[in-house]
1. From the list Ala198, Ala172, Ala188, which one is buried (at least 24 other Cβ atoms within 10 Å of the Cβ), part of a helix (DSSP H, G or I), of a type outside the set (Asp, Glu) and under 22 Å from the mean Cα position of the chain (by Cα)?
2. Identify, please: which residue in segment 142-169 is more than 13 Å from the ligand (Cβ to nearest atom) and of a type in the set (A, V, I, L, M, F, W, C) and is, among those, farthest from Ala179 (Cα to Cα)?
3. Among residues belonging to segment 306-339 that are more than 10 Å from the ligand (Cβ to nearest atom) and of a type in the set (Val, Ile, Thr), point out the one that is nearest to Leu373 (Cα to Cα).
4. For the list (1) crowded, with 24+ Cβ neighbours inside 10 Å; (2) of a type outside the set (Val, Ile, Thr); (3) more than 23 Å from Leu26 (Cβ to Cβ); (4) in contact with a Gly (Cβ under 8 Å, 6 or more places away or on another chain), I need the number of the one condition that Glu288 fails.
5. Any residue in segment 315-331 that's over 15 Å from Val350 (Cβ atoms): show its pairings with residues that are in a loop (DSSP other than H, G, I, E, B) and within 16 Å of the ligand (Cβ to nearest atom) at Cβ separation under 8 Å, as long as the two are six or more apart or on different chains.
6. Regarding segment 121-130, can at least one residue be identified that is of a type outside the set (Val, Ile, Thr), more than 9 Å from the ligand (Cβ to nearest atom) and surrounded by 15 or more Cβ atoms within 10 Å (Cβ to Cβ)?
7. Filter segment 122-136 down to the residues that are not small (Gly, Ala, Ser) and not in a loop (DSSP other than H, G, I, E, B) and list them by number.
8. How many residues are outside any loop (DSSP other than H, G, I, E, B), more than 11 Å from the ligand (Cβ to nearest atom) and of a type in the set (Lys, Arg) if we restrict to segment 89-116?
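Each reported figure results from applying straightforward, stated rules to the coordinates on display, with no laboratory input. In this text, all values refer to a predicted model and were calculated from it rather than measured experimentally. In this analysis, Cβ positions are derived from the backbone assuming ideal geometry, glycine residues included, and neighbour counts consider all displayed protein chains.
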Amino acid sequence: MDRIIITGGRPLRGVIPISGAKNSALKLMVASLLSSEPLTLDRMPRLADTRFTATLLESLGVAVDWPDAGATVRFHAREITSTIAPYDLVRKMRASFNVLGPMLARVGHATVSLPGGCAIGARPVDLHLKAFEAMGADIVIEQGYVKAAALRGLKGASIVFPFVSVGATEHAMLAAVLADGETTLENAAREPEIVDLANCLNAMGAKIEGAGGGAIVITGVTSLREARHMVVADRIEAGTYAIAAATTGGEVRLEGAVAQHLGALIQALRAAGVEVIPDADGIVVRRENGRLQPVDIDTQPFPGFPTDLQAQFMALMALADGTSIARENIFENRFMHAPELSRLGADITVRGKEAVVRGVAKLHGAPVMATDLRASVSLVIAGLAAEGETIINRVYHLDRGFERLEEKLVACGADVRRDGGSA
Ligand code: EPZ
């Protein structure tokens with residue numbers, strides 16, 4: 001199994017091109033199921049998760065044309081040839097569950113495995129299913145499968161989410177675009193990925209208003225047309241490299257990063273004493289001298305501090321000159337990186353939703369193990385800042401969500417390499 005070996009202590013200096021957002025791309029790809037006309041996506045990130053989603057879509061009848069060296073991918077769902085997404089395909093990646101809504105909307109029925117929990121928490125899909133029921137679908141759960149049917153088509157509905165869910169908002173949008181009449185989504189998620197999905201669906205001929213705000217109105221249409229769309233820049237990837245540059249010191253320009261998508265992080269970085277300068281097509285992050293200042297973070301739905309950057313920011317807090325607190329409010333089990341960071345010399349105490357991080361002057365390299373995507377990359381950041389060698393096992397987590405990670409870091413002067421050692 002591959003592992004990543006980092007010799008730390010070098011500041012990052014250079015330019016990092018930001019890829020298309022994984023968490024947007026996965027839903028945009030699935031949107032191709034809604035139309036018999038092709039959907040072309042530019043700036044597609046080449047990741048284990050996007051390749052896997054392409055395979056899943058192919059199994060449902062979508063022709064996927066993804067040239068070996070390209071970031072432009074064409075999806076053509078002329079016909080849906082299967083409406084079943086089996087356990088083996090959904091269990092590997094929760095976002096696969098999102099094929100349910102589009103198939104239900106286009107064909108009138110679908111059978112999709114329940115995704116189950118994952119390392120960061122239980123992650124139910126009750127809000128997704130309630131939204132489809134409100135649109136008139138009959139839902140039966142049998143032997144771990146959701147069987148959904150709306151044989152006379154979905155109907156527009158008024159849906160009020162009891163709390164904010166990115167996945168349920170996206171999934172409801174994906175179904176409502178082909179429903180008969182108007183659907184309103186209240187207490188909708190406001191993440192940039194929601195806006196990206198709405199923009200893409202609108203380019204396909206959907207009628208969605210209000211994405212990016214708490215209330216989204218979707219007027220159903222009978223069919224969608226051919227479209228081309230560029231995946232939004234990955235704010236979590238950009239944020240990760242911003243934190244890496246802040247933690248190691250140095251100066252990095254994040255090319256293509258969108259400052260408006262990273263407001264809460266930028267505020268936290270500035271509070272830690274890091275210079276963050278947005279420019280026309282990117283963000284410059286600079287820290288030359290002195291210790292980082294302690295900063296508390298509290299994860300919240302957008303525009304709050306993203307849960308997907310909490311682990312990375314904890315690596316920065318570990319080296320601050322004082323005590324910081326990280327509060328995780330989105331997922332119940334998202335501190336698995338804390339004991340691994342402690343192996344590198346961090347001083348972290350986890351109490352329920354809170355991690356108390358007492359900053360230390362130095363981290364020291366050690367072998368560590370990754371448990372999920374964002375936890376893994378927090379260990380990469382800590383390893384880049386630590387003295388000596390850090391070996392990160394279970395690198396496949398990183399490959400799910402970071403495109404050309406080693407290449408991007410090496411281009412900024414980091415000493416990072418991958419080898420095929422055992423985990
Ligand atoms: C998306 O997950 C992202 N995944 C996550 O990124 C991200 O952490 C999360 O949004 C929050 O920003 C993708 O986009 C593929 P939610 P999602 O529905 O949609 C609970 C990463 O590392 N909930 O907003 O699944 C849920 O358990 C990943 O890239 C229900 O109870 O997140 C969680 O506690 C990890 N019932 C909370 O809501 C439901 O029906 C928010 O989850 C749905 C969600």
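1. When all the criteria are applied, what remains is Ala172.
2. Val160
3. Ile325
4. (1)
5. Listed pairs, sorted by first residue: Ile330/Gln300; Ile330/Pro301.
6. Among the residues of segment 121-130, not one is of a type outside the set (Val, Ile, Thr), more than 9 Å from the ligand (Cβ to nearest atom) and surrounded by 15 or more Cβ atoms within 10 Å (Cβ to Cβ), which makes the answer no.
7. Once the filter is applied, which keeps residues that are not small (Gly, Ala, Ser) and not in a loop (DSSP other than H, G, I, E, B), segment 122-136 yields Asp126, Leu127, His128, Leu129, Lys130, Phe132, Glu133.
8. So the count comes out to 2.
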